[in-house]
Amino acid sequence: MSSNTPSDKPSSALEISDLDVHYGPRRRRRQALRGVSLTVAPGETVGLIGETGSGKSTLARTVLGLVPATAGSIVVGGEDVTTYGRRRWRALRRRGVVQYVFQDPLRSLDPDLTVEESLSEPLLVRGVPRAEAAGRIRAHLDRVRLTEELLGRLPGALSGGQRQRVAVARALVTEPRVLILDEPVSALDSANRVQILEILKNLRADGVALVLISHDLGSVAGVADRIAVLYRGELVETGTAHDIVTNPQHPYTRLLLGSAPTLHGAPADRAERQALRALLHA
Amino acid sequence: MTVIRRVLALTSGRIAVAVLAVIALLAALGPLLAPQNPLATSVRTLADPSAAHWLGTDYLGRDTFSRLLDGSRVSVLGSLEVALTALVVGAVPGILSVHLGRAFEWVTLRLTDTLVALPFLLFAVAVIALLGNGITQAMLVTGVLVSPLFYRVARAATLAVARSPYVEAAIVSGASLGWIVRRHLWAKVLPPLAVALAQTIGTGFVIVSSLTFLGIGVQPPEPTWGGLLASDLGYLAHQPWAPAAPALLIMVTVWACNLLADAVRDVSGEAGRALVDRRRARVHRTDQAVTTPAGGAR
């Protein structure tokens, strides 16, 4: 079904089939992902929702080759990367097909490197000449609404929103086909949140496949075409954002929807949540 | 290169570099500058300083000043050899132990533990017996024995950043191990390594002289700073000032090394960059105040 050479027009930008991932040495092996299957088409936005420890980041790290898969297959941009060794992974990464925006933008930018140095890294690693890299960085700044004066600053001298946009810009300089963003807006105020979501909408229009990882269904529901709900390493429900929000099937999804904090929680709501929790733990 | 430029932006860095340049010159030209034959004995033993013998003579009537100059090369090169061997043998596996898989990590850790457990002098004597006696062999052996310090320091500094998101971001961008070390790790590993290097250079002088005392490495009557200090200490009752010159040279060299290491640590990283920028801004403001006429200063 899948081939090792990139096909001309892959129907899906990312295709994950029956993925299993285990952690730890043999005796204390723990399963982090079980039979996860997910497809993301070019230009599609998929929200990956789950609580802390559900395996969201592990899934992203496995797609990026940072964590090895135990079983199943991953096809990125038409290339089956499941059995890739270190060398082939490096070659794929240098082409910038798939990029990742880390959860914490402050820690994902080297504190000793200026914004320009961080942004140019993915290009310099590919062998792009320094002058050309500088030009390409500047071309992308506008896309993420950053100004040139920030290029000389260190990450510590940027605001939270600026840092997140620098992190997005770094992922974009290689023109990826798949962009995975881990909690892209959860640490931002509402103004910056809107700005980042606007940037993501434009990316979708450019045909980039987006995977938005979040623990907060509300922050993703408005931008995602489809939503996949991950619970204890398993995808328990996948559907359009509208269906998931209006007609959730799995008890965990219903619990997530009912968990939005409110000051006026009716006793009936609380009772329903307790019933759902009991159902999940049964 | 950036680190050197930043170190030179600090006053302490410039002082350290200047002092070490003088010491390097002394090491390079010392034996040529010695006014008398440093090995020639005379009947004027334990003489006080005079025009003929600026620092007096030792218990065999040899000119102390000439011996000090002549011994500078072997002392400086010996301690440098110890420090650089330790740096290469210790720091390189220390950095790589985090990246090259569990087998490499396990082997290097056990080797380091073994080196720490070995009795220093016994090991040195055994290796010299195998390789033959000579200053190079002695210093290489010493460097290997000191290397666990560099292994531990480099490994600890690398561990602190190797799993950080920005290193993973570089990996996701397709960066090679060499790139990650050059671009991300080096700036974090360098400051603690510089401090360890300065400390080891200081210890190196003492080690060179200790080994000389045992007849390993530098052979008597060839002079070294540490050797001069040791022999002068035996005649303190006759020449209480005699150990001052070699002690001062060792002290100044070690002090300059430590000053340089501190400067490297201060200018490294984000805080270091900010520190140098502040200093430069202050100098720039002072320059402007000097060039601006008094009435237009505001």
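Some values worked out for this structure:
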{"read-out": "Scope segment A:142-161; condition away from every other protein chain (no Cβ under 14 Å) and open to solvent by 40 Å² or more (accessible area, probe 1.4 Å); matching residues", "value": "A:Asp142, A:Arg143, A:Arg145, A:Thr147, A:Glu148, A:Glu149, A:Ser159"}
{"read-out": "Condition check for A:Arg165: at pLDDT below 90 and under 30 Å from A:Gln31 (Cβ atoms)", "value": "no"}
{"read-out": "Where a residue in segment A:216-239 is under 19 Å from A:Asp20 (Cβ atoms) and open to solvent by less than 20 Å² (accessible area, probe 1.4 Å) and its partner, wherever it lies, is charged (D, E, K, R) and not in a strand (DSSP E or B), with Cβ under 6 Å and at least six apart", "value": "A:Leu230/A:Lys56"}
{"read-out": "Subset of segment B:106-148 that is of a type outside the set (A, V, I, L, M) and more than 27 Å from B:Leu96 (Cα to Cα) - its residue that is most open to solvent (accessible area, probe 1.4 Å)", "value": "B:Asn133"}
{"read-out": "Tabulated pairs, segment B:237-248, first of a type in the set (A, V, I, L, M), second assigned to a loop (DSSP other than H, G, I, E, B), C-beta under 8 angstrom, 6+ apart or interchain", "value": "B:Ala242/B:Leu55; B:Ala242/B:Gly56; B:Ala242/B:Asp58; B:Ala242/B:Tyr235; B:Ala242/B:Leu236; B:Ala245/B:Leu55"}
{"read-out": "Tally of residues being assigned to a helix (DSSP H, G or I), over 21 Å from A:Arg163 (Cα atoms) and at the interface with chain A (Cβ under 9 Å from one of its Cβ atoms) across segment B:170-185", "value": "1"}
{"read-out": "Residue list for segment A:179-228, filter: farther than 24 Å from A:Thr253 by Cα and not hydrophobic (A, V, I, L, M, F, W, C)", "value": "A:Asp189, A:Ser190, A:Asn192, A:Gln195, A:Glu198, A:Lys201, A:Asn202, A:Arg204, A:Asp206, A:Gly207"}
{"read-out": "Hits in segment B:84-124 (condition: among the hydroxyl-bearing types (Ser, Thr, Tyr), more than 24 Å from the chain's Cα centre (by Cα) and more than 23 Å from B:Val161 (Cα to Cα))", "value": "B:Thr114"}
{"read-out": "Among the residues listed as B:Pro49, B:Pro31, B:Pro35, the single one being in a helix (DSSP H, G or I) and either in contact with a Pro (Cβ under 9 Å, 6 or more places away or on another chain) or surrounded by fewer than 17 Cβ atoms within 10 Å (Cβ to Cβ) (or both)", "value": "B:Pro31"}
{"read-out": "Output for segment B:160-169, where each listed residue is within 33 Å of the chain's Cα centre (by Cα), facing chain A (nearest Cβ under 7 Å) and in a helix (DSSP H, G or I)", "value": "B:Tyr166"}
{"read-out": "Test for A:Gly77: is it open to solvent by less than 10 Å² (accessible area, probe 1.4 Å) and at pLDDT below 90", "value": "yes"}
{"read-out": "Selected residue (criterion: modelled with the lowest pLDDT) from residues of segment B:203-221 that are open to solvent by less than 50 Å² (accessible area, probe 1.4 Å) and outside any helix (DSSP H, G or I)", "value": "B:Gly215"}
{"read-out": "Strands (runs of 3 or more DSSP E) contained in segment A:31-141 and holding at least 1 residues more than 22 Å from A:Tyr231 (Cα to Cα), away from chain B (no Cβ under 11 Å) and touching a helix residue (DSSP H, G or I) at 6+ places or on another chain (Cβ under 8 Å)", "value": "A:71-76"}
{"read-out": "Condition broken by B:Thr200, with the remaining ones in (1) within 14 Å of another protein chain (Cβ to nearest Cβ); (2) crowded, with 21+ Cβ neighbours inside 10 Å satisfied", "value": "(1)"}
{"read-out": "Listing of helices (runs of 4 or more DSSP H) fully contained in segment B:222-298 that carry 2 or more residues being modelled with pLDDT under 85 and either away from every other protein chain (no Cβ under 14 Å) or within 30 Å of B:Leu60 (Cβ to Cβ) (or both)", "value": "B:225-233, B:269-291"}
{"read-out": "Test result for A:Asp110, in the same structural domain as A:Lys201 (by TED's automatic domain parsing), among the charged types (D, E, K, R), touching a residue at least 12 places away in the same chain (Cβ under 8 Å) and open to solvent by less than 10 Å² (accessible area, probe 1.4 Å)", "value": "yes"}
{"read-out": "Counted residues, segment A:85-107 - those being of a type in the set (Phe, Trp, Tyr) and either surrounded by fewer than 19 Cβ atoms within 10 Å (Cβ to Cβ) or at positive phi (or both)", "value": "1"}
{"read-out": "Positions within segment A:173-183 being crowded, with 23+ Cβ neighbours inside 10 Å and within 8 Å of the chain's Cα centre (by Cα), in sequence order", "value": "A:Leu179, A:Ile180, A:Leu181"}
{"read-out": "Residue match in segment B:186-197 (condition: open to solvent by 20 Å² or more (accessible area, probe 1.4 Å), of a type in the set (Lys, Arg) and facing another protein chain (nearest Cβ under 8 Å))", "value": "yes"}
{"read-out": "Every pair of residues 6+ apart whose Cβ atoms lie under 6 Å, when the first sits in segment A:42-63 and is in contact (Cβ under 8 Å) with a residue 12 or more places away in the chain and assigned by TED's automatic domain parsing to the domain that holds A:Gly77 while the second is surrounded by 23 or more Cβ atoms within 10 Å (Cβ to Cβ) and charged (D, E, K, R)", "value": "A:Leu48/A:Lys56; A:Gly50/A:Lys56"}
{"read-out": "Any hit, segment B:142-162, residues being without any contact (Cβ under 8 Å) to a residue 12 or more places away in the chain and out of contact with any strand residue (DSSP E or B) (no Cβ under 8 Å at 6 or more places or on another chain)", "value": "no"}
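The values are calculated or read from the model by the stated rules, or taken from the named source; none is laboratory data. If you're wondering where the values come from, they're calculated on a predicted model, not measured in any experiment. Cβ sites come from the backbone with ideal geometry, for glycine too, and all protein chains shown count toward neighbours. Accessible surface areas use protein heavy atoms only, side chains included; no ligands, DNA or RNA. Shrake-Rupley method; radii C 1.70, N 1.55, O 1.52, S 1.80 Å.
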